Amino acid sequence: MTTLDQIRPKIKSLESIPAVPAIVHPLISMLQLPSDKIDIEEVVKLVSYDAGIAAQCLRMSNSPLFGRRNTETVRSAVMALGLKRVQAILMGCCMNHIVPPGKWALPATTFWRHAMGCALVSRKLATLIGYPDPEKAYLAGLLHDLGILVNTIACTDEYRECFRLARENHVALDQVEAQILGLTHCQTGKVLAEQWRFSADIVEVVEFHHNASAAPTAKALVSLVYLSDLLCRLRELGYGYYESMGVDLTGDSCWTILVEHCPALANVDLARLTMDIDGAMEEIVGLVDAVFKGEAAASA
Amino acid sequence: MASTQVAAKPEIDDAKNPAYLKIREVIYQVSGIYQPDEKLYLLASRCARRMAVLKTTSPAEYLEHLTVRGNRDTEMRLLLNEITIGETYMFRSPPQIEAMRNIILPQITKTKGAMGFKRLHVWSAGCSTGEEPYTLAMFLLEESAKQLAGWTFDILATDLNENSLTTAKTGVYGEYSLRSTSELLRKKYFKQFDDKRLQASDQLKSIIRFDRVNLSDDRKMTFCKGMDLILCCNVLIYFDLASKRRVMQHFHSNLLPGGYLFLGHAESLYQVDDRFHLVHFPGTIGYWKPPIGYNGGGKK
């Protein structure tokens, strides 16, 4: 059994991640300013300094999932994506660099397909139901499983065992974590999310995305990510193994919570949304594999 | 890890024609069959075949054939035939079989077994040339030594078309129908018919009862009671909304509480029937008739 206090020093050591490009911190600070205070040219300049981040921005802005605009310059990519998406790419970049090559408990591409899938499904669902900030939903979906990376680094061997057991028994990862580690990726993710000063609602998503009704304030956002997470895990965008579950989403308490905030959810054509996710899967897999190719090769 | 490249879609530019989005909506409204954005190129290629017959080159003009011209009903039926063509072969939908094996059978055997009622009734409604009921028969026979030990089970396989039923009863199939059937199952449940075809064994046939049933025939539908599972793939697409609703009413009353209905993988029941609960399984969706007193609960 591991306790959160035993893991805390390891999480603390993640505060400065040497592999994260130097431009990330100034960029994230700048992007958190009110939008009228952000100097777009400065953002373009900073993104251009890092070939990896610039390439990610270009690949994403050229993907059909983001509207496919045939952008060829960093400037046009940043303009096409918008500042919130650039911020999400940077957050993903931070997450990606915290796991050293060879330490992944699951293939890096599997993790990123789920993260990216959940981000896109969260945004799609948010748009469908009139949730006021679809880009926030995208970011929340992308970051919700931060704790999986923490557990991977903090207890690599035990965590590989967790994945093996979850895969062999076709059960949800957090159930196995609770039994083997004594804590879940929700708890450890919260510690790192706070350390990285994520906004309070994103911290709640990281902590409560398996228990949305316990979220103190951001219930709607947490419920939205919870439902998107489940949909992804049921549509081959999960953790790479068969989770044996049948889910009546409309009978779930999170559905009820979200309907209270976004009444349009009650009229969503769930079968059609599911087919849209299936249709987008090939693009998501292609985009993730293109964006994280280097990391995937290193972790294989 | 090998990177997955996005498959080339030669007709994707054609599919960008806005008329195809309208055609998709018309098809969805009429039949409940849906093609996500990423599969519009498939829809475009199906339309192209019909457009060639009609000597029409513009998708906008073809849309008129489907909506306002005198031949619209016939044309819609012919297009739906193109869309669903080649969909019948054994083990066409592995996620459905896995959902039955891992989630549905354990539920049913638990609840019915507890009552000491060890009988299972499955209905393949619109069985066409028999691939679906034979798939179900192989699945149930394989489970008869495992989950269904001590159980009796039977399959009702119905269709409107006499010719299809005759083919189904004969049970002779070539490589196309058997392409997803393993060597082991072929050896166990089929015998050689001629040098290219196999015939279903007597054991396989013995658990299937073939019958001619028109799903619009209220009198006959009333007698198909007590089902645990109904499969009705790509049949309702040819019905108008009122008839669909009547068929769904029958299916609902024919299913036992806790039973499931499966439709074709691109079919939706949105706004057709709200008594069934849509349930997500890994890679597939089903429609569930909740037991009396069910008031939500999410995961099963």
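Taken together, the values in this text are just the output of simple stated rules run on the coordinates, not laboratory data. Not measured: the values here are computed from a predicted model. Every residue, glycine as well, gets a Cβ built from its backbone with ideal geometry; the counts of neighbours run over all protein chains shown.
Determine the dipole magnitude for the range B:80-169: charges of +1 sit on the beta-carbon of Lys and Arg, -1 on that of Asp and Glu, nothing else is charged, the reference point is the Cα centre, and the result goes in debye to the nearest 20.
600 debye
Could you order the peptides A:192-205, B:216-229 from most to least packed, using the average number of other C-beta atoms within 10 Å per residue?
Ranked from most to least packed, the peptides come out as A:192-205, B:216-229.
Using only Cα atoms and rounding to the nearest 10 degrees, what angle (0 to 90) does helix B:72-84 make with the longest principal axis of chain B?
60 degrees
Going through the cross-link list B:K188/B:K244; B:K146/B:K225; B:K169/B:K220; B:K169/B:K196; B:K110/B:K205, which pairs have a Cα-Cα distance over 29 Å in this structure?
Exceeds cut-off: B:K188/B:K244.
In µm²/s, what is D for the range A:1-150 at 20 °C and 1.002 mPa s, where D = kT/(6 pi eta Rh) by Stokes-Einstein and Rh is the Kirkwood radius from Cα pairs?
129 µm²/s
Quote the relative contact order of the range B:159-275 in percent (integer), defining contacts as alpha-carbon pairs under 8 Å separated by 6+ residues.
Computed value for the range B:159-275: 23 percent relative contact order.
Would you calculate the separation in nanometres between label points at A:E42 and B:K191, each defined as 7 Å from the Cα along the Cα-to-beta-carbon direction?
8.4 nm
How much net charge surrounds B:A200 when only other residues with a Cβ under 12 Å from its Cβ are counted (Lys, Arg +1; Asp, Glu -1)?
+4
With +1 on each Lys and Arg Cβ and -1 on each Asp and Glu Cβ, and nothing else charged, work out how big the dipole of the range B:139-187 is about its Cα centre, in Debye to the nearest 20.
It comes to approximately 160 debye.
Which FRET efficiency value, to the nearest 0.05, do you get for A:S253 and A:H170 by plugging their Cβ-Cβ distance into 1/(1 + (r/R0)^6) with R0 = 25 Å?
Approximately 0.60, to the nearest 0.05.
For chain A, report the translational diffusion coefficient in µm²/s to the nearest whole number, using Stokes-Einstein at 4 °C, 1.567 mPa s, and a Kirkwood Rh over Cα pairs.
Once the numbers are plugged in, D ends up at 67 µm²/s.
Run the dipole for the range B:153-219 about the Cα centre, Lys and Arg Cβ at +1, Asp and Glu Cβ at -1, nothing else charged, and hand back the magnitude in debye, nearest 20.
About 300 debye.
Counting only other chains, what is the mean number of Cβ atoms within 10 angstrom of the Cβ of each residue in peptide A:247-256?
That average works out to 6.
What FRET efficiency comes out for the pair A:D133/A:R69, r = Cβ-Cβ distance, R0 = 22 Å, nearest 0.05?
0.50
Please give the average number of partner chain Cβ atoms lying within 10 Å of the Cβ of each residue in A:225-233, rounded to a whole number.
For peptide A:225-233, the averaged partner shielding equals 1.
Relative contact order of chain B: what whole-number percent is it, with Cα pairs under 8 angstrom and at least 6 residues apart?
Taking the mean separation of contacting Cα pairs over the length of chain B, I get 18 percent.
Under a GNM of chain B (C-alpha, springs under 10 Å), which listed residue has the highest mean-square fluctuation: B:P18, B:P257, B:P95?
B:P18
For chain B, take the longest principal axis of its alpha carbons; what is the angle in degrees between that and the long axis of helix B:131-143, to the nearest 10 within 0 to 90?
Helix B:131-143 and the main axis of chain B meet at about 30 degrees.
Roughly how tilted is helix B:18-31, in degrees to the nearest 10 and between 0 and 90, from the longest Cα axis of chain B?
Around 40 degrees separate the two axes.
Any chance you could run the full-extension gain for A:T3 through A:Y242? It's 0.36 nm times the residue separation minus the Cα-Cα distance, nm to one decimal.
Using 0.36 nm per residue and subtracting the Cα-Cα distance, I get 83.2 nm.
So which lysines pass the test for A:K45, namely a Cα distance under 25 Å, with those fewer than 8 places away in the same chain ruled out?
Those lysines meeting the cut-off are A:K37, A:K84, A:K136, A:K293.
Would you mind calculating the relative contact order of the range B:59-155 from Cα pairs under 8 angstrom and at least 6 residues apart, reporting the percent as a whole number?
Taking the mean separation of contacting Cα pairs over the length of the range B:59-155, I get 27 percent.
In peptide A:141-150, what is the residue-averaged number of other protein chain Cβ atoms found within 10 Å of each Cβ?
That average works out to 0.
In whole Å, what are the Cα extents of chain B along the three principal axes, biggest one first?
61, 54, 52
With labels modelled as points extended 7 Å from the Cα through the Cβ direction, what inter-label distance (nm, one decimal) is found for B:D211 paired with B:T152?
So the label points at B:D211 and B:T152 sit 1.6 nm apart.
Suppose only helical runs count, i.e. DSSP H with n ≥ 4. What mean residue ellipticity at 222 nm does that imply for the protein assembly as shown under -39500 (n - 2.57) per run, divided by all residues and rounded to the nearest 500 deg cm²/dmol?
Result for the protein assembly as shown: -16000 deg cm²/dmol, rounded to the nearest 500.
So how much slack lies between B:R275 and B:N71, counting 0.36 nm per residue of separation and subtracting their Cα-Cα distance, in nm?
70.0 nm
Quick one: A:C262, B:C127, fewest Cβ neighbours within 10 Å first, how do they rank?
Exposure proxy ranking, most exposed first: A:C262, B:C127.
Calculate, for B:D202 and B:S58, the FRET efficiency according to 1/(1 + (r/R0)^6) with r their C-beta to C-beta distance and R0 51 Å; round to the nearest 0.05.
Approximately 0.40, to the nearest 0.05.
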